Each structure stands twice: as C-alpha cells, then as structure tokens.
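Colleague: Sharing a structure, written as structure tokens. Questions coming.
None of the figures in this text is laboratory data; all of them are computed from the coordinates on show. These figures come from a predicted structure and were not determined experimentally. All Cβ positions, even for glycine, are placed from backbone atoms using ideal geometry, and neighbour counts span all protein chains on display.
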Amino acid sequence: MDCVFCKIINGEIPSNIIYEDQKVIAFKDQNPQAPIHFLVIPKKHIESNDKLEDSDKELIGHIFTVIRDLAREFGISEDGYRIVNNTGEDGGQSVAHMHFHVLGKRSMQWPPG
Ligand code: 5GP
Ligand code: ZN
C-alpha cells in the first residue's frame, strides 16, 4: 500500500521512533510546529476518523493512554499540551493514515487557522 505512515511502521521509511507496541507507534514529526511535536498512530491502516469502526474503540482509548504516558516522559504533562487529529480535506489532513499530533513546550492559540 502506498501509505507513508505504513512505510514508517514497516521500516521502509526511516523515522525517529519514540514508542512502539503491538498496536501503535509514535515518532517525531518531520516538520515540527512546536518544540515538542510527535505523532501517535495505529499500526492498523485506518484512513481517517471517518473510517473508524466500532471495533476500533479500544485502540483509540489505548492511543490516548499512550499519549498520557509520552507526555509525562517528554515533560509536557504539567504545563499542558495539545492533541490534534485532522480529518479529511476541510480538517487539513495531508496523510491518509489516521494520526494524532501531540504538541507542547509552547502555549497554543485558539482558534486554529
Ligand atoms: P496532517 O496534515 O495529515 O494532519 O499531518 C501529517 C503530518 O505528518 C505533518 O505534520 C507532516 O510533517 C508529517 N509527516 C509527513 N510525512 C512524514 C514522514 O515521512 N516522516 C515524519 N516523521 N513525519 C511526516
Ligand atoms: Zn497506512
């Protein structure tokens, strides 16, 4: 499958992996938008939040607890951080493999652009 994140998962494309288990992988974003910016993705190829299946509920819950733990490890849990999931064209999604951005170590603005 021609998916850049599947290629990161199977090692075809190198990346700075910070966490991996049976279901998810996390790596630094190649174009960081904050001093801390990493992506947490399911190993299962799910195109976007719109393609989630009911059976993926546990997987998504798992991703959020992984984010909680990585935020502590990277020292952003106390000051806070932002979790972003872009879905589809209007959502600004550029890679069609569902992913959660985690951004920290700077204060974020609202509303987003
Ligand atoms: P989206 O715009 O789809 O929400 O976010 C995609 C993100 O993936 C972008 O922040 C982009 O910098 C990142 N990205 C795209 N290709 C690669 C890659 O090959 N390696 C890494 N580490 N990040 C990537
Ligand atoms: Zn994929």
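Colleague: Given Asp56, Asp21, Asp50, which one is buried (at least 16 other Cβ atoms within 10 Å of the Cβ) and either of a type in the set (D, E, K, R) or touching a residue at least 60 places away in the same chain (Cβ under 8 Å) (or both)?
Modeller: From the options Asp56, Asp21, Asp50, the qualifying one is Asp56.
Colleague: A further question follows. I want to confirm something. Restricting to segment 1-49 and keeping residues that are among the small types (Gly, Ala, Ser) and farther than 18 Å from Val66 by Cα, which single residue is nearest to ligand 1 (Cβ to nearest atom)?
Modeller: Filtering segment 1-49 for residues that are among the small types (Gly, Ala, Ser) and farther than 18 Å from Val66 by Cα, the one nearest to ligand 1 (Cβ to nearest atom) comes out as Ser15.
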